[in-house]
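Structure first, commentary second.
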Amino acid sequence: MSMRRLLPRLALALALVATAVWAALHRDQINLATIDAWLGSLGLWAPIGYIILYALATIAFVPGAIFSLVGGALFGPLWGSLWNLLGATLGAALAFLIARYMAGDWVERKAGGFLKRLMEGVDAEGWRFIAFVRLVPLFPFNLLNYVLGLTRIPFHQYVIATVVCMVPGAVAYTWLGHAGRGALTGEADTVHYGLLALGLIAAIAVLPRLIGRMRGSFAWIEANDLKRRLDGGEAVTVVDVRGADEFTGPLGHIATARNIPVAELDRRLTELVGLERAPLVLVCRTDKRSAAAARTLRAASFTQVSVLRRGMEQWNEAGLPVEGRTVETMR
């Protein structure tokens, strides 16, 4: 990475560390009385100030339960729940984007072994995994926001699943804060254990799917990497799982590719006999059908299965050679 791209990321990292250290050293000042006094000076802007403060606190690793309880005490159960939910979601979204900007591409390149399989399993589960970890209070909320930013989960899925699945916790803590200031202490454990029980129910539904994804995982390959391997004479078999009309359609196909549509893959596995331990690269228009085909091949004991990320769209965008385009398409 060039210094021009590295310096802004280092500056952002240092700013985050400094903010987190400051928040840790002044944790005793983050309380109901201090926040109430500051919000009182904002007048009608108090809700917006509170949402921004909650978001900044989330980024700085201040426990969200503190603000959820304070929000209930200051704004009541209805508005407190709404402001708490908006503040937590804004903070979670910002932390996600910060992590993706700072290190997402680096982690994607360097991840290997169990970590790579775990990330691919998380990617495959998408919003289901987010729903699971949001409902289980065992997972640290502030840290998890940054960790999820290092995956390939789409941002919109992350935000929607986050805001929906945080509703039970936000309402519960807000109500507890509204019920009495004594709730700002020991009674919070009651809500924590109740949410934990809800999370365990979610775990029963999600964990088996995630483990299955990891066991049946596959590798990803970029267009330029595949071209380099083919040009280098490696024994890589490319299988294009699009229909015959797409195989010779607008995007063409890779010169050495075999065409086995994903719908026919199960009954045409015999065409790949002898390649169970050989490198296979699956291709489609994007990578949805090829990912499904990869799981089929992994289940059939093919061990070196890769999927071309973004398929023929990436291959064409990179300006790499294709064959089989129809005359009508080229006009």
**Message:** Which residues does the label zone of Val167 cover in the stretch 41-71, counting backbone N under 20 Å from a point 7 Å along Cα→Cβ?
**Reply:** 68-69
**Item:** FRET efficiency, 1/(1 + (r/R0)^6) with R0 41 Å, evaluated for Arg128 and Trp38 via beta carbons
**Value:** 0.60
**Asked** Once you treat every alpha carbon in the stretch 1-102 as an equal point and sum by Debye, what is log10 I(q)/I(0) at q = 0.10 Å⁻¹?
**Response** -0.32
**Message:** In whole Hz and in residue order, list the ³J(HN,Hα) couplings for the stretch 234-248 that follow from phi through the Karplus curve 6.51 cos²θ - 1.76 cosθ + 1.60, θ = phi - 60°; x for Gly and Pro.
**Reply:** 5, 7, 9, 9, 9, 10, 8, 9, 7, x, 4, 5, 6, 4, 10
**Complete:** Scalar couplings 3J(HN,Hα) for the stretch 36-53 by Karplus 6.51 cos²θ - 1.76 cosθ + 1.60 (θ = phi - 60°), nearest whole Hz, x for Gly and Pro, are 4, 5, 5, 5, x, 6, 8, x, 5, 7, 4, x, 5, x, 5, 4, 5, 4
**Request:** Starting from the amide H of Leu282, placed 1.01 Å from N in the peptide plane, find each other amide H under 5 Å away whose residue is 5 or more places distant or on another chain.
**Result:** Val239, Ser306, Val307, Leu308
**Message:** Sort Val262, Val305, Val21 by heavy-atom solvent-accessible area, probe 1.4 angstrom, most to least.
**Reply:** Val21, Val262, Val305
**Prompt:** Hey, how many Å between the Cα centroid of the stretch 15-60 and the Cα centroid of the stretch 216-288?
**Reply:** 53
**Fill in**
Heavy-atom accessible area of His156, protein chains in place, probe 1.4 angstrom, given in Å² to nearest 10, is 110
**Item:** Ranked order, Met102, Met312 - accessible area, probe 1.4 Å, largest first
**Value:** Met102, Met312
**Asked** Can you give the accessible area of Phe302, probe radius 1.4 Å, in Å² rounded to 10?
**Response** 10
**Asked** What list of ³J(HN,Hα) couplings, whole Hz, do you get for the stretch 290-298 from phi and the Karplus terms 6.51, -1.76, 1.60, once you set θ to phi - 60° and write x for glycine and proline?
**Response** 5, 5, 5, 5, 4, 5, 5, 5, 4
**Request:** Report, in debye and to the nearest 20, how large the dipole of the stretch 251-331 comes out about its Cα centre when Lys and Arg carry +1 and Asp and Glu carry -1 on their Cβ.
**Result:** 180
**Request:** Mind giving me the nanometre distance, one decimal, between the label points for Glu234 and Ala11, set 7 Å out from Cα along Cα→Cβ?
**Result:** 3.9
**Asked** When only the heavy atoms of the protein chains count and the probe is 1.4 Å, how do Tyr50, Tyr101 rank by accessible area, highest first?
**Response** Tyr101, Tyr50
**Item:** Exposure of Ser301 as accessible area (Å², to 10), given a probe of 1.4 Å and all protein chains
**Value:** 80
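The values are calculated or read from the model by the stated rules, or taken from the named source; none is laboratory data. Given the structure is predicted, the values throughout are model-derived calculations rather than measurements. Neighbour counts run over all protein chains shown; Cβ positions are idealised from the backbone, glycine included. Protein only, heavy atoms only, side chains kept; ligands, DNA and RNA dropped before computing areas. Shrake-Rupley method; radii C 1.70, N 1.55, O 1.52, S 1.80 Å.
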